[in-house]
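Read the structure below first, then the notes.
The values are calculated or read from the model by the stated rules, or taken from the named source; none is laboratory data. What you see is a predicted model; the values in this text were computed from it and never measured. Positions of Cβ are generated from backbone atoms using ideal geometry, with glycine treated the same way; all protein chains shown enter the neighbour counts.
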Amino acid sequence: MKKFIWPLQRLLDIKEKQEDFARIELVTITEQIVIIRGQIMMQKTILHSVFSELNQLEPQQRPQQQRECMEYAHVIDTKIETLGQALEQTEQKRKKKIEEVVKLRKFRKGLERLRAKALVDYHEQINREEQKQLDENITTTFARKILMPA
């Protein structure tokens, strides 16, 4: 019996690898998002602690420190804004990558269904051929018995 060879197997293998790589990239992008969110939270915590320290100062020292704190707060706000933009861009990348993974998965699943159907068809064809061969053997044996009586 000959071995089942599906012509699109190589394409299926390639699509599986592409899906795996896309999933790895998706995980990497998600990790980047987590890092950026952590940086934003850290900057907000720093800003909150600076204002807390300013509130704890005595009223005489506060005007001197307040100017420096406001300048520092502006720098921190700029960092937070920049990180927010980076977060938005990374979220967009993530959305596109999710769409790509879903598209690859659908394509791969379709190929797997085609392969399964081709395998079933192959087995049915093999069974028909075996049955045909058995029928021919029985017919030949029967014909020999009729033509050559014992």
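Going residue by residue through region 92-101, is there one that turns out to be over 30 Å from Q9 (Cβ atoms) and surrounded by 12 or more Cβ atoms within 10 Å (Cβ to Cβ)? Scanning region 92-101, I find at least one residue that is over 30 Å from Q9 (Cβ atoms) and surrounded by 12 or more Cβ atoms within 10 Å (Cβ to Cβ), so the answer is yes. On the stretch given as region 64-79, residues that are farther than 20 Å from M42 by Cβ and loosely packed, with under 11 Cβ neighbours inside 10 Å total 2.
Screening region 54-63 for residues that are in a helix (DSSP H, G or I) and surrounded by 11 or more Cβ atoms within 10 Å (Cβ to Cβ) and picking the one that is modelled with the lowest pLDDT gives R62. Whenever a residue of region 109-131 is basic (K, R), its partners that are surrounded by 12 or more Cβ atoms within 10 Å (Cβ to Cβ), lying with C-beta atoms within less than 8 angstrom and at least six residues away or across chains, give the pairs R115/W6; R115/L8; R115/Q9; R115/L12.
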